[in-house]
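Enquirer: Dumping the structure here so I can ask a few things about it.
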Amino acid sequence: MTYEEKYNELVELSHSENSEIKEKADAWLIGIGLQGAAELKVSAFLLDLAIRNVKGEITLDEVSQLLDTNYANIPKTETKRSHGMDGDYEVIPSDSPRIKEIEEYNRELRPALYAELDKKRKREELFSGKSSDKLIFVNIKNSYEAMQRNDRKHLLYRSSLYDCTRKYWPIKEENFDVATHILGCYKGKVIEVIVIKNRYIEPSGVYAGRKVFEGVEQPESPYMGMDLHEIFDTLANFRVKYWNIRK
């Protein structure tokens, strides 16, 4: 099997319906991409080991042992050389601007994977308290289902998912003023994310005094698809909930 055929096999494994195989293959491809960004090329031997690891034939520890054995007699310089590489490489400091260049290269190489990594990172920031985002979660079950049925006579009917999410909510002034996002939730999961650009209080009618938001929808938001059961102890009687914002 040629080098290209080995690489293509690894790429095919990254498209597997088996999530474990896909995740392992993606991780290997990112590592290989990092070497490519530095104008280096991994060895065919390492590609073989990567494929065997992805398929579950050998563990990562066994990969390391096989690399150590295979390259045991290859002379190493003091500051260069990595197992499994066809050539030397430069050790790049963590504060080097090249790190950003390498990441951008990999984002182009594996955009879907990096989108998932960004979502994970953003959620971790939120849970750790490091995020500056202030979120309002709203339960849009009734209006969303009325919209799906096209039940225009329903009191809570809204013409769009955007409208289901942005109005009309009983929110305290102090929370209303500082929120950065409003998230529409259905059956415990976020299905709409709006970055708030404007807000006002409904002046009259049935919903007088209720809060209304205007903003930009974010279908690719890291919060999209978030399961509220992972955040809150209970969703009983859930209508409006807050995160990183005064209650």
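The values are calculated or read from the model by the stated rules, or taken from the named source; none is laboratory data. Values in this document were obtained by computation on a predicted structure and should not be read as measured data. Note: ideal-geometry Cβ built from the backbone for every residue, glycine included; neighbour counts use all protein chains shown. Calculation scope for accessible area: heavy atoms of the full protein, side chains included, ligands and nucleic acids excluded. Shrake-Rupley method; radii C 1.70, N 1.55, O 1.52, S 1.80 Å.
Enquirer: Determine which single condition Lys187 fails, assuming it passes every other condition in (1) touching a Phe, Trp or Tyr at 6+ places or on another chain (Cβ under 8 Å); (2) of a type outside the set (A, V, I, L, M); (3) on the phi > 0 side of the Ramachandran plot.
Expert: (1)
Enquirer: Here's something else I'd like to know. In the set Trp243, Trp169, which member is touching a residue at least 60 places away in the same chain (Cβ under 8 Å) and under 24 Å from Lys130 (Cα atoms)? Working first, answer last.
Expert: Working: Trp169 fails: under 24 Å from Lys130 (Cα atoms).
None of the others qualify; the one that does is Trp243.
Enquirer: For the stretch 1-102, which fully contained helices (runs of 4 or more DSSP H) count at least 2 residues that are closer than 22 Å to Glu116 by Cβ and modelled with pLDDT of 60 or more? Even if it seems obvious, please write down each step before you answer.
Expert: Numbers: elements: 3-13, 19-37, 44-54, 60-70.
Answer list for the stretch 1-102: 3-13, 19-37, 44-54.
Enquirer: Return a yes/no flag: does the stretch 201-222 have any residue that is over 16 Å from Arg166 (Cβ atoms), assigned to a strand (DSSP E or B) and either without any contact (Cβ under 8 Å) to a residue 24 or more places away in the chain or of a type outside the set (Phe, Trp, Tyr) (or both).
Expert: no
Enquirer: Next question, about the same structure. Of the residues Ile194, Ile201, Ile182, only one is over 16 Å from Val138 (Cα atoms), aliphatic (A, V, I, L, M), modelled with pLDDT of 95 or more and surrounded by 11 or more Cβ atoms within 10 Å (Cβ to Cβ); which?
Expert: Working: Ile194 fails: over 16 Å from Val138 (Cα atoms); Ile182 fails: over 16 Å from Val138 (Cα atoms).
That would be Ile201, the only listed residue that is over 16 Å from Val138 (Cα atoms), aliphatic (A, V, I, L, M), modelled with pLDDT of 95 or more and surrounded by 11 or more Cβ atoms within 10 Å (Cβ to Cβ).
Enquirer: If a residue must be touching a helix residue (DSSP H, G or I) at 6+ places or on another chain (Cβ under 6 Å) and modelled with pLDDT under 95, how many such residues does the stretch 122-153 contain?
Expert: Of the residues in the stretch 122-153, 2 are touching a helix residue (DSSP H, G or I) at 6+ places or on another chain (Cβ under 6 Å) and modelled with pLDDT under 95.
Enquirer: I would also like to ask the following. Which of the residues that make up the stretch 210-226 are exposed (fewer than 11 other Cβ atoms within 10 Å of the Cβ) and either more than 18 Å from Leu183 (Cα to Cα) or charged (D, E, K, R) (or both)?
Expert: Glu220
Enquirer: Determine whether the stretch 168-187 contains at least one residue that is assigned to a strand (DSSP E or B) and aliphatic (A, V, I, L, M). Reasoning before the result, please.
Expert: Of all residues in the stretch 168-187, those assigned to a strand (DSSP E or B) come to 169, 181-186.
When the remaining residues are screened for being aliphatic (A, V, I, L, M), the result is 182-183.
Yes, the conditions are met somewhere in the stretch 168-187.
Enquirer: Right, here's the next one. Does the stretch 229-247 hold any residues that are closer than 20 Å to Ile196 by Cα and either at pLDDT 90 or above or open to solvent by 40 Å² or more (accessible area, probe 1.4 Å) (or both), and which are they? Spell out the reasoning first.
Expert: Narrowing the stretch 229-247 to residues closer than 20 Å to Ile196 by Cα: 239-247.
Correct list: Arg239, Val240, Lys241, Tyr242, Trp243, Asn244, Arg246, Lys247.
Enquirer: Consider the stretch 149-167. How many of its residues are crowded, with 17+ Cβ neighbours inside 10 Å and either among the aliphatic types (A, V, I, L, M) or not in a helix (DSSP H, G or I) (or both)?
Expert: The qualifying residues number 4.
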